[in-house]
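Written out below as structure tokens is the structure these notes cover.
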Amino acid sequence: MRKFMFFLVISGFLLSISRVSFAEVNLSGYVFTDNRLGLEEENNKFTRNDNRLALKLDSDISGAHFYSEIWLRGLGFPTVSQSSDLQEKSKEKISPWTIEFREAYIDFYKLFTNNLELRVGRQRIAWGTADKLNPTDNLNPDDLEDIMDFGRKLSTNSMKLTYYLGGYTFTGVCIPLFTPAVLPSSEWASALSSPISFPNGITLRNFTDSIILPEDNPQESSMFAVKMAGNLFNNDLSVSYFYGRDDLPLINKVEITPITSTTVDIRAEMIYPRMHVIGVDLAGAIGDIGVWTEGACFIPEKVKMETSTIGIGTQTSIALKEEVYFKYVSGWDYTFKNGLYINSQFLHGFIHERGKDNLEDYLMAGIEKKFFNDELKAKLNFGVEIKDWNEIEDNLATMIFPEVNYYPVDNTEIILGAYLIDGKDTTNFGKVKNNDEIYLKFKYSF
Amino acid sequence: MKEKKFFMMIEVWVLALVMIVPSLAQEKKSEAQKKEFTALEILKKSDSVANAPKDQEIIMEMILIDKKGKQKKRGAKMLQKGSEKRMIKFLSPADVKGLAFLDLPNDMMYLYLPAFKKIRRIASHVKNTSFAGTDFTYDDMASINYADEWVPGLMESKKEIVSVSAEKEKELESKECEHYLLELKPKEGIKKDYSKLVMWVRKDNFYPARIEHYSREGKLWKIMERRKIVKEAKYWVSKETEMNDLKKEHKTKMLISEVKFDQGLKDELFSQRYLKRK
């Protein structure tokens, strides 16, 4: 039904624009494929099969602008298990596909005065000056479906009001309804979750969870943010404040049911904690070197944790302290005379990390060089995760992501690369060290 | 009889006028051409001619040509105000469409990346790197007053013309005009990838018709030629600019299809607000 409605809307839309004046609406987009193959012995199989058609429509109406983006995706593998699956008219089990409504918004360039703009609709509001990892970018929920696509976010229905005054920009955002983050697939999920520890001899038989979303009312679900940006001594500076919710769920209730003397079932309940975030970011230059820094002070609301064990009783502890914690990232980039580009960032607190005592350090760096009149680009990105500086050897993970991009003709890109991870099991990325992959991607823009 | 004499006198007077006025004008023009300018004066005049319009809006096509003749095309729109503010937005092809570059005074440069919906501040390290795959660098694409960054010296024209012939550049349109040849060296404290430039400035209108870029080792590296120099409205403009990278054996032609001058472009257009706007 959803897909039928989608086609109806798209067909109607295309029909209407073709009848009015096709020249007034621009159609663009791209076709993208992404196939990955696991390299480890226990994972030596195709791990990703993504085929995407992105359609973008935009139009300039007088004093306003409309933009929309939709993804049609064939994502995943056949899930046929019986002959009746082969007879389903939807064919979803043979060739799974989805529609993603990425963005649809209207810009009003003059609202009452020339200096006031309004963007309303489903939109991505990207805040922060750092490269892809932005502690101040909390307006849109994370889209971690592909955890390696750092910085990908979901758009949300929101209103953004921007007032321009001289060199200063004042922005106010209202997001009426909370949208949770998309979590990574099961192979990668362990990177973002802490393992549950049990007393010796006790094992988990079954784990279930339930998520409690905020109620659909302004008090519970709505989120707000303001930002002021300007230039100070040749540096771009902005200060922001966000009042909303963490987009990743937090366990606040656990019910443990002993099944036998050595096995238990666990049922967990998760919520999305409220939080205030005060952010600052800065971008400028020291000599020829580009520099940026971005920090966010998170002030969460306290979340209690109830652990009840059938037959024993209920214990109450703290899942999230009402304690301020600070995530930040600082980086620099430089291009050498021979065209070699270097970019490096130090990050304190990854996307999913919360609480003062749970923030780890990451050092990310990348080098890039183009060859053959920019037809070939070679990139080497690498990262180090340091969980504990005092015992580095046991708390270290390394990531190496080599990539070659080939541009044979305009609009076409062929990408060959690998995700290679190693590290201790105590670290986030060390938990997924057996997920090494190589990938081949194609992209054609139109 | 009297009337006939009167008309004859008138005829003679008109004839004299017709003969004398142009020669007077020619004499005046020759005097102007003969006037000896210093190298700095020529460079400043050249800057003022190239940046004469109060503002300009240009639609252009960039053709990237490799040594095998394979071509790639980019469409772009450029806005410039005075000599210090410039914005370039790519219109085609699809994979770079929407990419936009803003150059402001004090080395403040910004790049809008439509795929990320983000404006990125870029530092001066990119100034000498290729702009969107073309043979122009960010520095070449930025609005520039050469006199601010280079120290000019006047060269012996004849000598340099010979040396240009040695570079097999025989079909120069600019040969038809007389030129001042200036040798520009970077001012102290200003970092450039070029050890020097040789600028050909047309004597008749002070338009910089050709700039030769020399590497730090002193070898001729790039040649920028401005062709089809015409007067549009009251300003001189080159409808075709070619940057030829002799090292890479690659060149980029910039063809102007539409140009508008002095539209009263507001300062606010040269801001991050308008950079991300379509």
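Some notes on this structure:
- The simple spin-label model puts a point 7 Å past each Cα toward its Cβ; for A:V226 and A:I299 those points are separated by 1.3 nm.
- Counting only protein heavy atoms and using a 1.4 Å probe, the accessible area of A:V182 comes to about 50 Å².
- Chains B and A together bury some 3200 Å² of accessible area, summed over both sides, with a 1.4 Å probe.
- Hydrodynamic radius of the stretch A:181-239 by the Kirkwood approach over all distinct alpha-carbon pairs: 17.3 Å.
- Projecting the Cα atoms of B:L184, B:A52, B:P114 onto the charge dipole of the stretch B:39-275 (Cβ charges, centred on the Cα centre) puts B:P114 farthest toward the positive pole.
- Contact residues in the stretch A:158-181 by the 40 Å² criterion (accessible area, 1.4 Å probe, full protein complex versus chain alone): A:Y164.
- Shown in residue order for the stretch A:136-151 are the 3J(HN,Hα) couplings computed by the Karplus curve 6.51 cos²θ - 1.76 cosθ + 1.60 at θ = phi - 60°: 8, 8, 10, 6, 9, x, 5, 10, 9, 3, 10, 4, 7, 8, 4, x Hz (x for Gly and Pro).
- When the pairs B:K187/B:K251; B:K219/B:K239; B:K44/B:K70 are compared against a 30 Å limit on Cα-Cα distance, B:K44/B:K70 fall above it.
- Summarising the overall dimensions of the stretch A:292-363 from its C-alpha atoms, the Rg and Dmax are 19.6, 71 angstrom.
- A:D85 paired with B:K234, simple spin-label distance in nm, labels 7 Å along Cα-to-beta-carbon: 7.8 nm
- Cα gyration tensor shape of the stretch A:165-208, rounded if a/c is under 1.5, else prolate or oblate by comparing a/b with b/c: prolate
- Within the accessible area of the stretch B:39-275 (1.4 Å probe), percent carbon and sulfur: 48 percent
- Across peptide A:365-375, the mean count of Cβ atoms from other chains lying within 10 Å of each residue's own Cβ comes to 3.
- Extension reserve of the A:F446-A:F326 stretch, reckoned as 0.36 nm per residue once the Cα distance is removed: 39.0 nm
- Inter-chain Cβ neighbour count for B:103-111, averaged per residue, equals 2 (cutoff 10 Å, partner chain atoms only).
- Each of A:Y341, A:T316, A:Y243 was scored by the projection of its Cα onto the charge dipole of chain A, and the greatest displacement toward the positive side belongs to A:Y243; charges sit on the C-beta of Lys, Arg, Asp and Glu.
- The modelled label-to-label distance for the pair B:E188/B:K54, using points 7 Å beyond Cα in the direction of Cβ, is 3.9 nm.
- Separation between Cα centres of the stretch A:367-446 and the stretch B:52-84, rounded to whole Å: 35 Å
- Within a straight-line Cα-Cα reach of under 17 Å, B:K72 can be paired with the following aspartates and glutamates, leaving aside sequence neighbours fewer than 8 residues apart in one chain: A:D374, A:E375, A:D410, A:E413, B:E61, B:D95, B:D135, B:E240, B:E242, B:D245, B:E249.
- Solvent-accessible area, 1.4 Å probe, carbon plus sulfur percent, for chain A: 60 percent
- Shielding score for A:123-131, defined as the mean number of other chain Cβ atoms within 10 Å: 2
- Burial of accessible area (probe 1.4 Å, heavy atoms of protein chains only) in the stretch A:390-437, relative to its chain alone, reaches at least 50 Å² for A:D410, A:N411.
- Estimated FRET transfer efficiency (A:S317, A:L165; beta-carbon r; R0 51 Å; 0.05): 0.55
- Charge dipole (debye, nearest 20) of the protein assembly as shown; +1 at Cβ of Lys and Arg, -1 at Cβ of Asp and Glu: 3120 debye
- The stretch B:39-275, Rg to Rh (Cα coordinates; Rh as Kirkwood inverse mean 1/r): 0.94
- Percent breakdown of C-alpha pair distances by 5 Å bin, ordered from the shortest bin, for the stretch A:326-414: 3, 12, 17, 18, 15, 12, 9, 7, 4, 1, 0
- Rounded, prolate or oblate (a/c below 1.5 giving rounded, otherwise prolate when a/b exceeds b/c) for the stretch A:207-349 by Cα gyration tensor: prolate
- Only Lys, Arg (+1) and Asp, Glu (-1) charged, at Cβ; the stretch B:39-275 dipole about Cα centre in debye: 740 debye
- Relative contact order [Cα under 8 Å, 6+ residues apart], the stretch B:39-275, whole percent: 23 percent
- Shown for the stretch A:287-329: residues covered by the partner protein chains by 40 Å² or more of accessible area relative to the chain by itself (probe radius 1.4 Å), namely A:D288.
- Once C-alpha pairs closer than 8 Å and six or more residues apart are averaged by separation and normalised to the residue number of chain A, the relative contact order reads 11 percent.
- The Rg/Rh ratio of the protein assembly as shown, with both radii computed over alpha carbons and Rh defined as the Kirkwood radius, is 1.07.
- Accessible surface area normalised per residue over the protein assembly as shown is 52 Å², counting heavy atoms of protein chains with a 1.4 Å rolling probe.
The values are calculated or read from the model by the stated rules, or taken from the named source; none is laboratory data. Since this is a predicted model, take the numbers as computed values, not measurements. Neighbour counts run over all protein chains shown; Cβ positions are idealised from the backbone, glycine included. Keep in mind that these areas ignore ligands, DNA and RNA; they rest on the heavy atoms of the full protein, side chains included. Shrake-Rupley method; radii C 1.70, N 1.55, O 1.52, S 1.80 Å.
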